[in-house]
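Just so it is clear, none of the values below were taken in a lab; they were calculated from the coordinates. In this text, all values refer to a predicted model and were calculated from it rather than measured experimentally. Counting neighbours? That spans all protein chains shown, and the Cβs are built from the backbone with ideal geometry, glycine included.
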């Protein structure tokens, strides 16, 4: 980091949750073990976007859980900054709550911004996204929330090339 | 003499190669001598005119360089040497003189005195900075040659030589010269007395570290960074004397460098430290540890981290290896390794924190250094982690502790595997702590959160031979069985670990598994198929079957598996109650799953080369055939589960795998019976198993229309025929007639995919293996069949298309064995591509012939011609391309486009890469074909080309980037394109483009793409959305 200051040098790492096989998949399986004659093209049932999809799209390309922490080579999931139950998906509305690793974490806004950018790029326009710090988990909770959900401020932040580069780094590092 | 003079004069005037060659050949065959050449050159060599003088010397040098070595004697060499050495002082003649010296120095007849004269002259006259690269290269070459041939002479003048050489080499920058210079430097460092020159030698070598040279594009010399690096490294570790100078420099580079510099530095340290020796290593140990540690605890990237760990290993080994002998009963090592170890253990006191991972990595690295360190590390770390695990305060962090312990144990296993000391090493290391680790693991098995690590740990422990006693393995199996029974909802990674643990034990202690695990699994498998709605039940069945297929690979276990599963199959396939008759499909599905399990197990056994497959041809295969034939016969009266085409297909797969492994004789015996049954309708005693066939019935398949279940049995026939050896006689009266029967049946009576494919396969394999024997059939296919079934426009179109497909399968057999008759088949197909009714089918057939399938393979004993598919495509491609560019006839043009896409999908990219500039516009035009499958395969082809990474392909993609982008955007949005496959393919290609094409080409499209992709993000299908997200985020970057 530019400041050289590390807010939490040795955070706790959680092992990733059990692989998120969708329960619904198991039940929707066909009668036949493999080589079912029905191809996907014919089964034209829409599959709506749900909480799992926001958190983890598939094991390889994830929306939120694969975002990296700006300070550590760990994902937000490993640091348990975000988890699936903290995401709430409505018809046209997504609410994400995240927990900074330490209450004085100066990276909170950056983490929130990364989440917002990822969702901005990956969700259809019809969704409204709200991002909040978990109540009581950050000392300047109100300020962070305000900053993250203010359209103008987010737009302004995304005009800043260094900031965009850092966000890009969090989103793409692997 | 005169001719020599003439040649010299001509050369001076013209400078042609020819004169030099003539002079050399005259010298070689004794018409003239070197002396004559010098005489003839006389005036030129001493001419006042600089240009002439230089030319004269040049001519002499050129002649010398081409003369055979035996033409030089001691005295001529001496004269020439002293002449050239003098000339080095002549500014104009330096360049040609050096050229002459290069050849002279290589001669065998050069004496020590000459050598030292040359080297002195070089040092006296040459100022490297004034010379160009190629000339400097000559200087280095001379020194290098002398170094190789007259090293003793150079050693005699040690200090003089070193002084001279160092000033020669100082400041050299060209990579070609440096490669030579580094080689010279290494010899100097190793063999010369360098005590007075350490510092200057250090300066002329270490100034190049780290190598940052990047070869220019299309570099004709082909020098790589890697070459330079290794050459330089061989200098850096040339002498221990560099030690105290070098390490501070390394540390500095490590601190400041880019990732690649860091890696280079770490690698160099790893090769240098052993040379610099323990004393130096020890004195810098603290500093080295604290900088290298940084690369492990805050790694820039995984590669650098790996190198850092290696460097640490080298450091530890260098410091402690000399004491190794002195330490006898270990436990207590002193110094650096101990300090580092304790530091890591300190960090491990908080196992859940992020720093614990690198700490355990360091300890794991220690394990594969030297025995005393490994013993110390293991003893400290294992007891520390075990104690921590047992402590009641740490219950919450147990998963983390288990993970760390697992890494350590895995490191012990790997280090002993690597050193091939298996038994001795891991027993010595882990033996004393085995009981503790084992009991911790058993505890960890009890909790959900630690179970997976515990299972992985057990896998490691079982893998280390001799570590666990049989009783302990028995206990492991018991616990594993309990888990197997009690946790139906286990997540995938845990149950995978469980299965691989049991499978591992099955390879060594198969009896344990057979006696305790298999009964549990078999009893959990229901006798009746789960009903249509019982999804959970069904998933459980599948899971059990999957587990069984992984466990039962050993011969005895496999035998049990087959016996038990066939009994199940019998239960499932013969209806016993009315309830079962109400809905027969779940039973078929269950039977299908059971058969698939057997075939999957068989395939794994084939891969592992097990020899016990053959004998099953007389055990369960007859039983299986009995069941299938019985079901087909009975199905006239009632529906039978095993009459379903999918069940028959799975059974055919099993039969095919077993027949594949038989010897020709065994195959012949089996096939005779099978053919008797299915083809000749003789329902005799063979295959008489548990079911008696209903009396008075025959299969009667090829004699006209009969029921679907009976027709399905052709798959069984195909399964037997496909893997036959070519020399096996097929017991039918007339092979051509047999094939004709099959062909007629195929186009007239076959009713589903299984039947069609079986018939095609039978035709292609027999044609492939018995080409000469079925010539009559082949001629007939080309002649009357083609006329009456395909060309006759009175016949219905679907019938004609079916005939084309049958025709194609015959052609395929010929293509694979490279028979010349194929050309007539191909031309016949090309003829009808223009036909509006059946053109597309023929076009597809042209391409599909070339597809490499898994029927006509070496494994199935087919006659396979090398690269048959590529040859065919390269012949067919020009014709298709020419036709599809022909714009007079739009419909035939379209059909040829179809042929084009199918053809190029059939082969790998390399076969058509050269034609890409021609193909690209055609492919783009093909994207408007309404057939979704064809469009999807075009897009897949384009994607293949795009990500191939070859520069030619990249250029083509870049040229067409904009049109590609537009075409893909048209194909990726839900409301315009029905096919999910097309949408996914289009999005994948879009996602690949930003990485391949320069940004300035794509920039104009960016806003459109992002806007259109936003629509794709809202696709009803999850799989499509996933690709859309990927594509869109790639376009943002």
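What distance in nm separates the simple spin-label points at residue B:271 and residue B:152, each placed 7 Å from Cα in the Cβ direction?
Here the modelled spin labels are 3.1 nm apart.
Taking a ≥ b ≥ c as the square roots of the Cα gyration tensor eigenvalues, with a/c under 1.5 meaning rounded and otherwise prolate when a/b beats b/c, else oblate, which class fits region A:51-171?
rounded
What FRET efficiency do you get for residue B:230 and residue B:31 if R0 is 45 Å and r is their Cβ-Cβ distance, rounded to the nearest 0.05?
Once the sixth-power term is evaluated, E becomes 0.40.
Pull out the extension gain between residue B:221 and residue B:603, defined as 0.36 nm times the separation in residues minus the alpha carbon to alpha carbon distance; nm, one decimal.
Between residue B:221 and residue B:603, full extension yields 132.5 nm more.
May I have the pair-distance distribution P(r) for chain B, computed from all Cα-Cα distances with 20 Å bins from 0 and rounded to whole percent?
10, 23, 30, 25, 10, 1, 0
Ordered by packing density, taken as the mean number of other Cβ atoms within 10 Å over each peptide's residues, highest first, how do B:650-660, B:901-911, B:15-25 rank?
In descending order of packing, they fall as B:650-660, B:901-911, B:15-25.
Could you check what % of the DSSP bridge pairs in the protein assembly as shown are antiparallel, to the nearest 5?
Here the antiparallel bridges make up roughly 45 percent for the protein assembly as shown.
Taking N as the number of residues in region B:908-1036, what value does Rg over Cα atoms divided by 2.2 N^0.38 Å take?
0.98
Taking the Cα atoms of the protein assembly as shown alone, what are Rg (to one decimal) and Dmax (as a whole number) in Å?
According to the Cα coordinates of the protein assembly as shown, Rg and Dmax are 39.1, 121 Å.
Could you tell me how far the Cα centroid of region B:692-748 sits from the Cα centroid of region B:112-175, in Å?
85 Å
So how far apart, in nm, are the two label points at residue B:511 and residue A:134 if each is 7 Å from Cα heading toward Cβ?
5.4 nm
Using a cut-off of under 13 Å, list every residue of region B:804-831 whose amide N is near the label point 7 Å from the Cα of residue B:931 along the Cα-to-beta-carbon line.
Within reach of a label on residue B:931, which here means backbone N under 13 Å from a point 7 Å along Cα→Cβ, region B:804-831 contributes B:805.
Could you sort B:995-1007, A:94-106 so that the peptide with the highest average Cβ count within 10 Å comes first and the rest follow in order?
Ranked from most to least packed, the peptides come out as A:94-106, B:995-1007.
Can you give me the Cα centroid spacing of region B:205-267 and region B:813-863 in angstrom?
Here the two parts' Cα centres lie 57 Å apart.
At q = 0.17 Å⁻¹, what base-10 log of I(q)/I(0) does the Debye formula yield for region B:334-467 when every alpha carbon is treated as an equal point scatterer in vacuo?
These q points yield log10 I(q)/I(0) values of -0.84.
Be a star and scan region A:70-89 for residues whose amide nitrogen sits under 17 Å from the point 7 Å along the Cα-to-Cβ vector of residue A:149.
In region A:70-89, the label zone of residue A:149 (backbone N under 17 Å from the point 7 Å along Cα→Cβ) covers A:86-89.
Per residue of B:1021-1031, what is the mean number of Cβ atoms on other protein chains within 10 angstrom of that residue's Cβ?
5
From a point 7 Å beyond the Cα of residue B:672 in the direction of its Cβ, which residues of region B:629-663 have a backbone N at a distance under 17 Å?
B:663
Decide, for region B:188-268, between rounded, prolate and oblate: order the square roots of the alpha carbon gyration tensor eigenvalues as a ≥ b ≥ c, take rounded if a/c falls under 1.5, and otherwise choose prolate if a/b is larger than b/c, else oblate.
Because a/c hits 1.5 or more and a/b fails to exceed b/c, region B:188-268 counts as oblate.
I want to check the label-to-label distance for residue B:615 and residue B:475. Put each point 7 Å from Cα in the C-beta direction and report it in nm to one decimal.
3.6 nm
Under 8 Å for C-alpha pairs, at least 6 residues apart: give me the relative contact order for chain B, rounded to a whole percent.
Relative CO of chain B lands at 4 percent.
Calculate the FRET efficiency for residue B:439 and residue B:556 from the Cβ-Cβ distance with a Förster distance of 45 Å, rounded to the nearest 0.05.
According to the calculation, E is roughly 0.90.
Mind checking the full-extension length gain between residue B:46 and residue B:1000? Use 0.36 nm per residue of separation minus the Cα-Cα distance, one decimal, nm.
337.2 nm
Gain in length, residue B:14 to residue B:1011, computed as 0.36 nm per residue apart minus the alpha-carbon separation, to one decimal in nm?
Using 0.36 nm per residue and subtracting the Cα-Cα distance, I get 351.9 nm.
What whole-number distance in Å separates the alpha-carbon centres of region A:135-166 and region B:539-613?
Computed from Cα coordinates, the inter-centre distance equals 58 Å.
Helix-only mean residue ellipticity at 222 nm, chain B, DSSP H runs n ≥ 4 weighted -39,500 (n - 2.57), per residue, nearest 500. What is it?
Per the formula, -22000 deg cm²/dmol.
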